Amino acid sequence: MNYGTPTFLIAVLAACASCTNSHPAPPTPIAAPAGAQAQRNDQEDPKVKEALSDTQTFLKDMLAGQYDEDPDLAALARKLDGFQSFSIESQMIDRGNPVDTVNFSGTLKGPSGEAAFTASMVKQQNGKWMVGSFDGPNRK
């Protein structure tokens, strides 16, 4: 039996068509861009609730000038001079830190505009929470 090339090719393609998997492969997950992080908000966690009050007090006192003469916080007080209020937009427990640490991010507001900040609050031995690091103000 002599098959011509077109007839043979059609027969092979028809046979292969019945061999294909009728279940398509699942889509390949797409990795998040470098530096992107899923937004997490741990506001209902008891540690966050515990740290929130001290964080709000610290920020209110800082913006009110209570730390202007403090040797450890005067430089930060100068950076925040002119801001009058703040809002906290996210609260995340730093699970990679061996001591209790909660990171609060939000917005500082003043006559010259808004700026983002992040305050890492660390639980002290006396049970109070105090700023461990502060990033900002970063103008929006």
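The values are calculated or read from the model by the stated rules, or taken from the named source; none is laboratory data. Note that the structure is predicted; figures quoted are calculated from it, not measured. Positions of Cβ are backbone-derived with ideal geometry, glycine not excepted, and every protein chain shown enters the neighbour counts. Only protein heavy atoms, including side chains, enter the accessible area calculation; ligands, DNA and RNA are left aside. Shrake-Rupley method; radii C 1.70, N 1.55, O 1.52, S 1.80 Å.
Using alpha-carbon pairs under 8 Å, 6+ residues apart, how would you state the relative contact order of region 58-133 in percent?
Reported as a whole number, the value is 21 percent.
Which order do the peptides 106-115, 62-71 come out in when sorted by mean C-beta neighbours inside 10 angstrom, highest first?
Taking the mean over residues of other Cβ atoms within 10 Å, the ranking is 106-115, 62-71.
Using the heavy atoms of the protein chains alone and a 1.4 angstrom probe, what is the accessible area of region 63-118 per residue in square angstrom?
55
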